[in-house]
1. Pick from V84, V34, V88: which is within 14 Å of the ligand (Cβ to nearest atom) and without any contact (Cβ under 8 Å) to a residue 60 or more places away in the chain?
2. Which one of these is of a type in the set (V, I, T), surrounded by 18 or more Cβ atoms within 10 Å (Cβ to Cβ) and away from the ligand (no atom under 15 Å from the Cβ): I111, I104, I139?
3. Taking R77 and the conditions (1) away from the ligand (no atom under 16 Å from the Cβ); (2) without any contact (Cβ under 8 Å) to a residue 60 or more places away in the chain; (3) farther than 19 Å from M161 by Cα, which numbered condition does it fall short on, given that it satisfies the others?
4. Let me spell it out: the conditions are (1) buried (at least 22 other Cβ atoms within 10 Å of the Cβ); (2) away from the ligand (no atom under 16 Å from the Cβ); (3) under 28 Å from L338 (Cα atoms), and I177 meets all of them except one. Which number is the exception?
5. If you scan region 263-299, which residues turn out to be under 20 Å from the mean Cα position of the chain (by Cα) and part of a strand (DSSP E or B)?
6. All but one of (1) at pLDDT below 90; (2) assigned to a helix (DSSP H, G or I) hold for M256, so report the exception by its number.
7. Are any of the residues in region 241-253 under 30 Å from L92 (Cα atoms) and assigned to a strand (DSSP E or B)?
Amino acid sequence: MGKPLNFLHLDMDAFYASVEERDNPSLKGNPVIVGGRSNRGIVTTCNYEARKYGIHSAMPIFMAREKCPHGIFIPGRMERYQEVSKQVFTILRGISNKIEPLSIDEAYMDISNIPLRPEQIGDLIKDKVLSETGLTLSIGVSYNKFLAKLASDWNKPDGFMVITEEMMPEILFPLSIKKVYGIGAKSQKRLNSIGIYTIEDLFSLEEDLLIDLFGKGGVEIYERIRGIDRRQIETTRERKSIGVERTFRPTRDKKMLLSYLKDFSYELESDLDKRDLHGRTLTVKIKDEEFISHTKSRTYGHYISDGEEIYSLAISLFSEMEWDKSLRLLGVSMSNLLDRNMEQLSFFPSQKNG
Ligand SMILES: [Mg+2]
């Protein structure tokens, strides 16, 4: 007996494109690409037919048009997708109230209290969602979040996969390193350049080397691919803020303080990346040697997650703060958070202008 399989991850298949096909059955069998109306836009979702032409999400529309001139390009109806999403989440909440939504079409479910086998729970969810919405989804079940999410991606669409403790780590070995949360395109390139392509390659690296390469994120990568992930399902996704703060030996050396601020800004970037979040309100916090704290916040007109941008905004907030004693703590935090997947909303021009 391995660890209990309490984590279920589910992901609607080609969600926006599937909603379009369902609402307009004449689209079925054709490559359907949902995305920005102009050629400058990007592909938000495409159906599996379109993927055969090498089209994928985040690809510029003009490129998708080149690859598949006869494809059906749809600007997208965000309100409709949100409506259907609500319907799906209502179904899910009828099965378990321990749900952590990750985006409009993706969620974790804690299935520890459901007295059914994972396969039965999977069938139950799929049947209900299909009969009530006409849509399919893919499900992964495992003993932690990381593996459940990998499993749901295993055999899309309409997939179902269980990863048990006994299957680890070999089951992951053939997968590309890009499947590992925390390894973005940049890191992937860097690893490829030292001959690391698969999780098996990555598995051979010492923890220290991963820490050298990825900072504290390296520990996570080292653990994840060994099946260690302590994150629990957070049913209230409404996280208020994410921040980094640290205490140090009191100093008034501005250069030193700025270098801390810089480090924390980049750390904040990677914490936001990991959760696929960005935010609009930045706060800088200081505490002086007499333990008096001050904060300064500002809300911006756009969402921010880039470390360099965080740093430059943090510098200006910091420079507006008054302090005459040595500081013993600095912190930066982001609030007014939004899931980045949800922000794709703004890629859609309003229906009227078209
Ligand atoms: Mg999806």
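1. Answer to the check: V34.
2. Working: I104 fails: away from the ligand (no atom under 15 Å from the Cβ); I139 fails: away from the ligand (no atom under 15 Å from the Cβ).
Answer to the check: I111.
3. Tallying (1) away from the ligand (no atom under 16 Å from the Cβ); (2) without any contact (Cβ under 8 Å) to a residue 60 or more places away in the chain; (3) farther than 19 Å from M161 by Cα, R77 fails exactly one: (2).
4. Every condition holds for I177 apart from (1).
5. Hits for region 263-299 are L277, H278, G279, R280, T281.
6. Answer for M256: the failing condition is (1).
7. Among the residues of region 241-253, at least one is under 30 Å from L92 (Cα atoms) and assigned to a strand (DSSP E or B), which makes the answer yes.
Residues are listed down the side, and each one gets a yes or a no for (1) buried (at least 20 other Cβ atoms within 10 Å of the Cβ); (2) modelled with pLDDT of 95 or more; (3) more than 23 Å from D153 (Cβ to Cβ):
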{"site": "A17", "(1), (2), (3)": "yes, yes, no"}
{"site": "R37", "(1), (2), (3)": "no, no, yes"}
{"site": "H56", "(1), (2), (3)": "no, no, no"}
{"site": "M63", "(1), (2), (3)": "no, no, yes"}
{"site": "E83", "(1), (2), (3)": "no, no, yes"}
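The values are calculated or read from the model by the stated rules, or taken from the named source; none is laboratory data. Small disclaimer: the values here were computed from a predicted structure and weren't measured. For neighbour counting, all protein chains shown are included, and Cβ atoms are generated from backbone atoms with ideal geometry for every residue, glycine included.
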